[in-house]
Amino acid sequence: MTRKSFRSYVTYRLELVSRVARETADDIYRRECGFDIRELRVLRTLAEQPDITVAEIVEATMFERTMVSRIISRLVRSGMLHRRICELDARQVRLSATPGGLAVVTRANTLGDELNEDLLAVLTPDERSCFDRALGKLTTWQPRHRAAPPRPRGEEEAPR
């Protein structure tokens with residue numbers, strides 16, 4: 001059996017499409033909105049879910065906590081969001097987009113819709129429908145081959 005190139009793997013091809021689309025969008029968003037694609041994902045999250053915690057933003061955006069913290073600091077400095085101490089737990093900070101932040105999100109969403117349409121324009125209507133269904137199925141995928149669970153500390157593999 002002839003082995004296929006790694007470039008034929010679905011994960012590689014998805015990453016390639018995603019990378020080109022993200023880089024293109026990032027350039028446009030920076031130019032038109034003054035923020036990069038990651039900053040806008042945080043702002044969009046806050047527009048959809050006002051008054052949430054940093055942990056909730058981390059979960060919603062799928063970014064690392066340190067990255068989210070840096071983004072939040074920049075967005076606060078630029079007046080796009082504000083922080084407030086949670087009344088129920090002073091250790092938690094709640095975040096919300098400001099009116100200026102919401103205006104940026106509105107502009108970014110318009111651009112995002114245009115970019116999305118541009119990307120999908122290479123597909124026929126039937127292909128778009130099929131692609132959307134396939135992506136929906138792929139997002140529910142559960143791998144059959146899972147990595148072994150991590151060993152508890154102090155347990156080493158037995159000698160062979």
Query - Space enclosed by the convex hull of the alpha-carbon atoms of region 9-123, per residue, Å³ - result: 112
Requested in this report: Amide H neighbours of I52 under 5 Å, at least 5 residues apart or on other chains, H built in the peptide plane: list them.
Outcome: L95
Requested in this report: Determine the dipole magnitude for the chain: charges of +1 sit on the beta-carbon of Lys and Arg, -1 on that of Asp and Glu, nothing else is charged, the reference point is the Cα centre, and the result goes in debye to the nearest 20.
Outcome: 660
Report summary line: Mean-square fluctuation maximum in Gaussian network of the chain, Cα pairs under 10 Å, restricted to R41, R91, R83, hits R91
Query raised in the report: Using 1/(1 + (r/R0)^6) with R0 = 45 angstrom and r between the beta carbons of D126 and D89, what's the FRET efficiency to the nearest 0.05?
Result: 0.30
Report summary line: In nanometres, the difference between 0.36 nm per residue of separation and the alpha-carbon distance of T24 and R107 is 28.2 nm
Report task. Please check the chain for the longest run free of GluC sites (Glu not before Pro) that are loop-located per DSSP (anything but H, G, I, E, B) and have at most 15 other Cβ atoms within 10 Å. Result -> 88-154
Report summary line: Note on region 50-101: contact order normalised by length, alpha-carbon pairs under 8 Å, 6 or more apart, percent, works out to 40
Report summary line: For L123, the net charge from surrounding residues (Cβ-Cβ under 12 Å; K, R +1; D, E -1) works out to -4
Query raised in the report: Counting pairs of alpha carbon atoms under 8 Å apart in space and at least six apart in sequence, what relative contact order in percent does the chain give?
Result: 18
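Each value in this text was obtained by applying a stated rule to the coordinates, not by laboratory testing. The structure presented is a predicted model; accordingly, all values stated were derived computationally and were not measured. All Cβ positions, glycine included, derive from the backbone under ideal geometry; neighbour counts span all protein chains shown.
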